[in-house]
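The values are calculated or read from the model by the stated rules, or taken from the named source; none is laboratory data. The structure presented is a predicted model; accordingly, all values stated were derived computationally and were not measured. Cβ: placed from backbone, ideal geometry, glycine included. Neighbour counts: every protein chain shown.
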Amino acid sequence: VINESRKISKSDETWDLEPGHSMEDPRLRRLSSPNDHHPAYWEYASQSVVPDIVSDLVGPNVKFHHSKINFKWADGGEEVKWHQDIGFWPHTNYGPCTVGTYIYNCGMEQGPVGMIPGSHNGELFDQYSDDGEWIGCLRQKDAENLDTSKAVYLDGPAGSLTIHNCRMIHGSKPNNSDVVRPLLLNIYAPADAMPYTHNPLYSKYDQVIVRGEAQRWAHHDPRTCLMPPDWSGGYSSIFALQQEEDWKAAE
């Protein structure tokens, strides 16, 4: 994947590149839909123990939503600000979850994913700016009010899994080590959780049942849910969205 990214000079819907990326010094931030890129990724997402774990958490009927690899490159790979996933791809209920797999060993200096335990039972935050622009993270005033002393950062050896609910507030710090931190992320949903919007990282496996069977009836959570922008015209990445906010703030 890294060698293939050397040939890419501009970010698109599949390849998201850090500023400064080049053939000689590749800095790939994200590969979207790796399961469409190589069959081994789909085999892992659908046939491994991972969907079994998800079914233990959300119920016997599980479907696939999307996947990506966030690389967080060595020597300054970008932070991911505090955010909640469900705002990007809202569903009729809050059962969807993300399963991360560390491809390499991940220590604290590499910017492991961090969670604020219990936050999935709390407020669902607005991820638009005061000007109405989608920023893909909590507004600064909301982030400043978080009790980040409770945050837990999930480091671990290669093959370790991280799992979080779609409402969980989470993020990660920059990678200040000399080792890249690739994290494979597979997103699943209960089969009765129906998407309200276009999938921003559409895959040919979107909505495929990986455990149990499809459901005819949708389960609707009575809590409200924020709608994102219309992604049908394309989507970049959370990195690009959050960094764009920083660039605008610096102007």
Q: Can you tell me which residue among Trp82, Trp89, Trp73 is surrounded by 18 or more Cβ atoms within 10 Å (Cβ to Cβ) and in contact with a Gly (Cβ under 6 Å, 6 or more places away or on another chain)?
A: Trp82
Q: Working only within the range 186-202, note down all residues that are crowded, with 20+ Cβ neighbours inside 10 Å and at pLDDT 95 or above.
A: Asn186, Ile187, Tyr188, Ala189, Pro190, Ala191, Asp192, Ala193
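Could you list, in sequence order, the residues of the range 140-159 that are in a helix (DSSP H, G or I) and either among the β-branched types (Val, Ile, Thr) or within 18 Å of Tyr102 (Cβ to Cβ) (or both)?
The one that is in a helix (DSSP H, G or I) and either among the β-branched types (Val, Ile, Thr) or within 18 Å of Tyr102 (Cβ to Cβ) (or both): Thr148.
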(Q) Can you find, within the range 210-236, the residue that is surrounded by the most Cβ atoms within 10 Å (Cβ to Cβ) among those that are not small (Gly, Ala, Ser) and not in a loop (DSSP other than H, G, I, E, B)? (A) Val210
Q: Could you check the range 1-90 for helices (runs of 4 or more DSSP H) lying wholly inside it with 3 or more residues that are within 28 Å of Leu138 (Cα to Cα), modelled with pLDDT of 90 or more and not small (Gly, Ala, Ser)?
A: 50-58
Q.
Going through Gln242, Gln207 one at a time, which residue ends up being among the polar types (S, T, N, Q), at pLDDT 95 or above and either in a loop (DSSP other than H, G, I, E, B) or within 20 Å of the chain's Cα centre (by Cα) (or both)?
A. Gln207
(Q) Can you pull out every residue in the range 192-204 that is closer than 30 Å to Tyr153 by Cα and either of a type in the set (A, V, I, L, M) or not in a strand (DSSP E or B) (or both)? (A) Ala193, Asn199, Pro200, Leu201, Tyr202, Ser203
**Q.** Residue in the range 227-238 that is more than 18 Å from Leu31 (Cα to Cα), touching a His at 6+ places or on another chain (Cβ under 8 Å) and at pLDDT 95 or above present
**A.** no
**Q.** Residue list for the range 147-179, restricted to those being among the β-branched types (Val, Ile, Thr) and buried (at least 19 other Cβ atoms within 10 Å of the Cβ)
**A.** Thr162, Ile169
Q | Count of the range 160-182 residues which are of a type in the set (Val, Ile, Thr), within 12 Å of the chain's Cα centre (by Cα) and part of a loop (DSSP other than H, G, I, E, B) | A | 1
